[in-house]
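Read through the structure below, which is laid out as structure tokens, and then see the notes.
The values are calculated or read from the model by the stated rules, or taken from the named source; none is laboratory data. Everything quoted here is computed from the prediction, not taken from an experiment. Positions of Cβ are generated from backbone atoms using ideal geometry, with glycine treated the same way; all protein chains shown enter the neighbour counts. When the accessible area is computed, the model is the full protein with side chains, heavy atoms only, and any ligands, DNA or RNA have been set aside. Shrake-Rupley method; radii C 1.70, N 1.55, O 1.52, S 1.80 Å.
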Amino acid sequence: MRAISARLGLAVALAAALLLAGGLLAIPDRAPRTDPVMAVRPPADLLADRIARAQQRLRDVPGDWPGWAALGGAYLEQARITADPGLYAKAQRAAERSLKLRRAGNSAALVVLGALANARHDFGEARDTARAALAVNGHDADAYGVLADALTQLGDASAATIAVQRMLDLRPGLAAYARASYDLELRGELTEATGLMRRALDNAADPHDIAFCHVQLGDLAFGRGDLDGAQASYRAALAADPAAIAARHGLARVTAARGDFSAALADYAELTVRLPQTSTLLEYADLLRAAGRTAEADRQLKLAAAAQRLFTASGGMDGLVAAVLALAEGRTGDAVTAARAEWSRRQHPDVADTLGWALHAAGRDAEAVTYAERAVADGGRTATYAYHLGMIRLGLGDRDAARAQLTFAMTANPYFSPVEAPIARRALLSTGGVR
């Protein structure tokens, strides 16, 4: 099962030791406060109430430009929770209305437009809009958050780290810690990333914020093969917020990793009804195919394709998911084309890995290895990345290098995929490995 980045837009943490040693990020020594971050959201019903109140307020006071910006942000949040990109247009209209009413000094509306661009995966536009917001207000922590998200996805890791540091300096709350945690995760500093996310949890007071932090801790535990730890974190998230859909997704992944396909399929069936995103539908299709339910898997692929078309029709662009979808459908040429186009837009490790894997599927290992190596170049060596690189090395006949990568994959997280981990294990044995 190919896991598509579920933490897109979040940032990771830096180890205190690294920070204090004069590293890239330094956490200020003043008391942090919990922020109402883009990454930490209320459940859909409360959000709907908030939107209704904002709409009424704007009917009464149509010139309330901060209110229009806030409404735009609320629509964005609703789009995330409901997986309905059709709400992006509403968010855009509200933010643009705010700017029309007040352009000078209105960094809030620019931040919403930047976040919208990130949601549409137009990271270059998000970067430029965040910088425009900072030109208006150089102390806008939310603008630095949008900028950090964009730069991270564009593959500009150093600049992203600087933006996260500025956010930490300006407002060292949950949002900043989460982004710093992701920054560390991309460097392979998982222990430090976990520590910083726990710090974020310590600063969380709202149940939804607490659930968010537990989900991130669960994802980090899952990434290092700690199924019990991941499960405990996801359950803690649900205890804090029973509506936390990300926690249910995490539990479904844990159940699949434990080999209980029947229960995992039931979980995914429920999950994809509540959250019909392309990536989740692809995971469900993979599980169905592994269980021999080919016709049902094909139906999920069609739904995934439909979700992708809806996302694109709403102004989104995502060559990464398009490539993964093409691979799932056996269209390797299209996968290479989509991944290469995405690589031309941004050089994130996920894109490098996907392009390498698509080239491998197309039988072009000599080209694939360059991208697979690039994916791990900055230290973020996940089990999936290592598995792909190992299989590409094996395709090139380099058994020693393949064995090293496959050994790493199975050591780092032997549960990284209920579909691909068994393949990795067999490949490792074929090279003389012992895992």
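Looking only at segment 124-137, decide whether some residue is open to solvent by 40 Å² or more (accessible area, probe 1.4 Å) and outside any helix (DSSP H, G or I). Scanning segment 124-137, I find at least one residue that is open to solvent by 40 Å² or more (accessible area, probe 1.4 Å) and outside any helix (DSSP H, G or I), so the answer is yes. All conditions in (1) modelled with pLDDT under 95; (2) buried (at least 16 other Cβ atoms within 10 Å of the Cβ); (3) within 23 Å of Q216 (Cβ to Cβ) hold for Y268, with the sole exception of (1). Assess whether V336 counts as being farther than 29 Å from S262 by Cα, open to solvent by less than 20 Å² (accessible area, probe 1.4 Å) and among the β-branched types (V, I, T). Yes, satisfied.
Working carefully through the options A244, A307, find the one that is under 28 Å from L113 (Cβ atoms), open to solvent by less than 50 Å² (accessible area, probe 1.4 Å), in contact with a Pro (Cβ under 7 Å, 6 or more places away or on another chain) and of a type outside the set (S, T, Y).
Details: A244 fails: in contact with a Pro (Cβ under 7 Å, 6 or more places away or on another chain).
Every option except A307 fails the conditions.
Selection of helices (runs of 4 or more DSSP H) fully inside segment 201-259 by the criterion of at least 1 residues being free of Cβ contacts under 8 Å to residues at least 24 places away in the same chain, at positive phi and out of contact with any Cys (no Cβ under 8 Å at 6 or more places or on another chain) returns nothing.
Checking segment 135-146 against the condition returns no match, with no residue being under 19 Å from the mean Cα position of the chain (by Cα), of a type in the set (D, E, K, R) and farther than 26 Å from A117 by Cβ.
The numbered conditions (1) out of contact with any Leu (no Cβ under 7 Å at 6 or more places or on another chain); (2) more than 26 Å from L46 (Cα to Cα); (3) open to solvent by 30 Å² or more (accessible area, probe 1.4 Å) are all true for A221 except (3). Taking the criterion of being under 27 Å from A257 (Cβ atoms), part of a helix (DSSP H, G or I) and in contact (Cβ under 8 Å) with a residue 60 or more places away in the chain, the residues of segment 180-193 that qualify are S181, Y182, D183, L184, E185, L186, T191, E192, A193. Note on segment 386-418: residues that are open to solvent by 20 Å² or more (accessible area, probe 1.4 Å) and of a type in the set (F, W, Y) total 2.
If you go through segment 94-107 and keep only what is open to solvent by 50 Å² or more (accessible area, probe 1.4 Å) and at pLDDT 95 or above, you end up with E96, R97, K100, L101, R102.
Cβ-Cβ under 8 Å, sequence separation 6+ or interchain: first residue in segment 45-73 and over 19 Å from A89 (Cβ atoms) and part of a helix (DSSP H, G or I), partner at pLDDT 95 or above and polar (S, T, N, Q). Which pairs? Within 8 Å, the pairs are W65/S98; W65/N106; P66/S98. Residue pairs whose Cβ atoms lie under 9 Å apart, separated by 6 or more positions or on different chains, with the first residue in segment 334-347 and under 17 Å from L151 (Cβ atoms) and touching a residue at least 40 places away in the same chain (Cβ under 8 Å) and the second of a type in the set (F, W, Y) and buried (at least 16 other Cβ atoms within 10 Å of the Cβ), are R345/F123; R346/F123. All conditions but one from (1) touching a residue at least 60 places away in the same chain (Cβ under 8 Å); (2) in a helix (DSSP H, G or I) apply to R426; the one that does not is (1). Given the condition farther than 30 Å from K90 by Cα, more than 23 Å from the chain's Cα centre (by Cα) and buried (at least 23 other Cβ atoms within 10 Å of the Cβ), answer yes or no: does some residue in segment 362-372 qualify? Within segment 362-372 (the criterion being farther than 30 Å from K90 by Cα, more than 23 Å from the chain's Cα centre (by Cα) and buried (at least 23 other Cβ atoms within 10 Å of the Cβ)), the answer is yes, since at least one residue qualifies.
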